[in-house]
Structures are given as C-alpha cells and as structure tokens.
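Notes to accompany the following structure.
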Amino acid sequence: MSLQVNVRLDQALLKEIDALSKVLHISRSEWLRNKIAYAVQEETLHLQESIALAYAKGKITEKELHELLGNHAQEVTYIVDHLNKGKNIIDNKMKKNLL
C-alpha cells in the first residue's frame, strides 16, 4: 500500500531532478521514490548499532526492529533476550546475598 506524501522542493533542485529523470526515461516521482528508498536503506545500514541499542532500551518495538533490520533482527533479539536472562540471574543472586 502506498501513501502520497507532499514535499516542497527548491525550484533549482526540481529542475535538476527533472533533467535527470528525463535522461533516465523515468518519471520524476519514480526517480524520487528510488532515491528515497536508497537513502533509507543506506541510513539503516549505517545506524544498525543505534537501532539495536534502541530496541534493547525499549525505545522501538520488535516489529519496528524487524522492519528496519530484516533478518538481522533475529540476531539482535537473541542477544537482548540472553542479556536480560543473565541480568535477571545476577539480580536474583544479589538479592539472595543481601537477605
């Protein structure tokens, strides 16, 4: 499902985009969609560590994690689950020692 998004662009930039799309024989919208998709993919690759940390801190959901990282999300959830289990074990041992 696609949604329409309206964006204001500088006229000079729009002329450049129109020239590129004309040379490539694609529509302005198709060129913009492709560039945005590529930029999001590249940014996601650069931010994988931050995305994993955000998941570990509970700032993004598991669903969002899977949307951003795809198959790599399983590795992140595995690591976070095991870290939480280890933390719980240590916390329980410390409680027993304090009592």
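Please count how many residues of the stretch 1-50 are assigned to a helix (DSSP H, G or I), touching a Ser or Thr at 6+ places or on another chain (Cβ under 7 Å) and not basic (Lys, Arg).
Of the residues in that region, 2 qualify.
If Val80 satisfies all but one of (1) in contact (Cβ under 8 Å) with a residue 24 or more places away in the chain; (2) within 30 Å of Gln4 (Cα to Cα), what's the number of the condition it fails?
The number of the failed condition is (2).
Go through the stretch 22-60 and give me each residue that's more than 14 Å from Gly70 (Cα to Cα), among the hydrophobic types (A, V, I, L, M, F, W, C) and surrounded by 11 or more Cβ atoms within 10 Å (Cβ to Cβ).
Leu24, Ile26, Trp31, Leu32, Ile36, Leu53, Ala54, Ala56, Ile60
Bear in mind these aren't lab numbers, they're just calculated from the coordinates by the rules spelled out. Keep in mind that what you see is a predicted model, and the values were worked out from it rather than measured. Heads up, the Cβs are rebuilt from the backbone with ideal geometry, glycines too, and the neighbour counts pull from every protein chain shown.
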